[in-house]
Amino acid sequence: MAVEKAPASIDREWTLTLGGYAMVQPDYAGSDDYEFAFKPIIYISRADKLSRWRSFNDSASIALWDTGAFEAGVVGQINWKRDASDSDDLRGMNNVDYAYQVGGYAQWWPADWLRLRTELRYGFGGFDGVVADFAVDAVHFTEFWGGMALSAGPRMTLASSGYTDAYFGVSNEEAAAAQALGNNLTPYEAGGGIYSVGFGGQILKRFTPNILGSVFAEYKYLMDDAADSPLVVQNGDRNQFQAGVSLSYTFFLGFE
């Protein structure tokens, strides 16, 4: 699974990769308006792992068990806060604070061109609940333009009521405040279930052993209680898109 393999002499050297994703995404989950956003890249690994393909959807992770074809470990992710001032469609709603998610992941390469990955995370702060992501990616490595990796595949996310209600629920007090401000939201309590299904893809290019770039896009279709929320039905859209580019730089730390 190589985009460009690290030199054998530094295969076991630890590395630190820093960079970021610049993207267009919905103003908030369920919105039909879009904004520019930035997401940092922080990744620690040995040099021989730099040759592995990674998805822009992968949370920050550390492998605790790695056989080559199968890998498992811990993951972490941050959800940015949602302010009522982010959009007129949120008038009257309470703010949702930063949320921190921690958990585990497992991924399997049953073939050189196919990766299956799942993450299970518990969130606290802005919400208290559980989120599970499932992704299948077909990956094609080509020598075009000095070597690139092209990938695409389906996604699905499950979420508990603690997550869904935090971002899609409308309390009686919020509905009253929203209606007083001309935002005709009705009370709604969101439960757990299938949060979304979708499809994503990316083009990954390693320009040098240190510099990696990508172009990516994803479509999500909100499901179940998330899709039925007044924030989506009255003010938003269950069709959610995001697309952008990334650039990162890898520092070789000089020790094994």
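The values are calculated or read from the model by the stated rules, or taken from the named source; none is laboratory data. In this text, all values refer to a predicted model and were calculated from it rather than measured experimentally. Cβ atoms come from the backbone with ideal geometry, glycine included; neighbour counts cover every protein chain shown. Side chains are part of the model used for accessible areas, which takes the heavy atoms of the whole protein and leaves out ligands, DNA and RNA. Shrake-Rupley method; radii C 1.70, N 1.55, O 1.52, S 1.80 Å.
How big is the dipole moment of the chain about its Cα centre under a simple scheme where the beta carbon of each Lys and Arg is +1, that of each Asp and Glu is -1, and everything else is neutral? Debye, nearest 20, please. Please report the intermediate quantities before stating the final value.
Values: 18 positive and 32 negative charges, 202 e Å.
Dipole about the Cα centre, nearest 20: 980 debye.
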Multiplying the sequence separation of Ser85 and Val102 by 0.36 nm and subtracting their Cα-Cα distance, what value in nm do you get? 3.3 nm
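Tell me, what is the FRET efficiency for Gln179 and Ile42 to the nearest 0.05, using R0 = 30 angstrom and their Cβ-Cβ distance as r?
0.10
Please report the net charge: other residues with Cβ closer than 11 Å to the Cβ of Asn184, K and R +1, D and E -1.
Numbers: positive: Arg91; negative: Asp89.
Local charge sum for Asn184: 0.
Pop out the carbon and sulfur fraction of the accessible area of the range 76-210 as a percent, whole number, probe 1.4 Å. Intermediate results must be reported in sequence, preceding the final value.
Details: 3930 of 6450 Å².
About 61 percent, which is the carbon plus sulfur part of the accessible surface.
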Estimated dipole of the range 140-256 in Debye, rounded to 20 [Cβ of Lys and Arg +1, of Asp and Glu -1, Cα centre]: 580 debye
Number of Lys-Lys pairs in the chain under 27 Å by Cα, sequence gap 8 or more or different chains? 10
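Normalised by the number of residues in the chain, what is the relative contact order in percent for Cα pairs under 8 Å and 6+ residues apart? Intermediate values should be presented prior to the final figure.
Numbers: 659 pairs, mean separation 55.0, N = 256.
Over the chain, the number comes to 21 percent.
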What is the Cα centroid distance between the range 174-219 and the range 106-128, reported in whole angstrom? 17 Å
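Just to make sure I understand: if all protein chains stay in place, what is the order of Val139, Val130 by accessible area at 1.4 Å, largest first? Don't skip to the end; give the middle numbers.
Numbers: Val139 10, Val130 60 Å².
The residues order as Val130, Val139, largest area first.
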Simple Cβ-charge dipole of the range 26-130, Lys/Arg +1 and Asp/Glu -1, about Cα centre, in debye nearest 20: 580 debye
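Below 8 Å between Cα atoms, with a sequence gap of 6+, how large is the relative contact order for the range 181-256 in percent? It would help to have the intermediate numbers written out before the result.
On the way: 111 pairs, mean separation 24.5, N = 76.
For the range 181-256, the relative contact order is 32 percent.
What accessible area per residue comes out for the chain, rounded to a whole number of Å², with a 1.4 Å probe? Before the final figure, lay out each step's value.
Working: 12400 Å² over 256 residues.
Accessible area per residue: 48 Å².
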Positive-end residue of Val197, Ala180, Pro209, charge dipole of the range 115-227 with Cβ unit charges: Pro209
